[in-house]
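Data first, discussion second: the structure below is written as structure tokens.
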Amino acid sequence: MTDDHTHVQEFFAARAADWDSRFPDDGPAYRAAVAELGLRPGARVLDAGCGTGRALPALRDAVTSSGTVLGVDLTPAMLEAAVRAGRQSCGRLLLADVARLPVRARTLDAVFGAGLISHLPDPAENLRELARVVRPGGLLALFHPIGRAALAARQGRQITPDDLRAEDNLRPLLAGAGWQMTSYVDEDARFLALAVRQG
């Protein structure tokens, strides 16, 4: 495990127990972002870096009981919090690294990643791994329940030009990993970039 992975695990393990209570009003934003994926009943979807599984109920509702929902996270404490919240009933939870997903190539219809991009140790390579498991024409949603400026203000910092979520940075990063960005929204109330898996 790299130092980056250890740092991510330590960061989230320390916050897992009260994660949901720190952000109690995010549910509608998650539901709205999942709705924009346009998932159909029977679809197969991965919540990459699922944390406490806040997107899992909306993903399950979208794909119905005939679909497949996987939640993957690197931090055991976050998955334990998802189980305590009862979200394991909405999808299968897996302790795994998004850099090496235990999923066959081209088997998923979509990937949902909430707050994911800023925690990837190698964003270009990790986005390629997400592309590997999605069929051509499948979708990727990179989401955060608040926009870049609001998040920076919450964290007491300024937005920098190298912010991966800036449209001018994210579009070529996605393209190099096999995705074409189709939609980009960065407002105080949410961040959502949608992309489609190429050929």
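The values are calculated or read from the model by the stated rules, or taken from the named source; none is laboratory data. Quick caveat, the model's predicted, so the values are computed rather than measured. Using ideal geometry, Cβ is built from the backbone for each residue, glycine included, and neighbour counts are taken over all protein chains shown. SASA here: full protein model, heavy atoms, side chains in, ligands and nucleic acids out. Shrake-Rupley method; radii C 1.70, N 1.55, O 1.52, S 1.80 Å.
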(request) Name every residue in region 148-199 that is of a type in the set (Lys, Arg), closer than 26 Å to Ala35 by Cβ and open to solvent by 80 Å² or more (accessible area, probe 1.4 Å), in order of residue number. (result) Arg154, Arg171
(message) If I filter region 82-105 for residues that are touching a helix residue (DSSP H, G or I) at 6+ places or on another chain (Cβ under 6 Å), assigned to a strand (DSSP E or B), open to solvent by less than 10 Å² (accessible area, probe 1.4 Å) and within 20 Å of Asp61 (Cα to Cα), do I get at least one hit?
(response) no
(request) Report whether or not Arg60 is in a loop (DSSP other than H, G, I, E, B), open to solvent by 30 Å² or more (accessible area, probe 1.4 Å) and under 24 Å from Gly137 (Cα atoms). (result) no
(message) Here is a list: Ala149, Ala77, Ala124. Which entry is part of a helix (DSSP H, G or I), over 19 Å from Ala29 (Cβ atoms) and either touching a Pro at 6+ places or on another chain (Cβ under 9 Å) or modelled with pLDDT under 95 (or both)?
(response) Ala77
(message) Pairs please, first residue from region 34-53 and at negative phi, second anywhere and among the charged types (D, E, K, R) and not in a strand (DSSP E or B), Cβ atoms under 6 Å, 6+ apart in sequence or on different chains.
(response) Thr52/Asp20
(request) Output the qualifying pairs, or none if there are none: Cβ atoms under 6 angstrom, residues six or more apart or on different chains, first residue in region 170-199 and hydroxyl-bearing (Ser, Thr, Tyr), second residue open to solvent by less than 50 Å² (accessible area, probe 1.4 Å). (result) Thr182/Leu194; Thr182/Val196; Ser183/Leu194; Tyr184/Ala193
(request) Assess whether Leu164 counts as being touching a residue at least 12 places away in the same chain (Cβ under 8 Å) and out of contact with any strand residue (DSSP E or B) (no Cβ under 9 Å at 6 or more places or on another chain). (result) yes
(message) I need every pair where a residue in region 146-161 that is closer than 17 Å to Tyr184 by Cβ has its Cβ under 6 Å from the Cβ of a residue that is among the basic types (Lys, Arg), sequence separation at least 6 or different chains.
(response) Arg148/Arg165; Ile159/Arg148
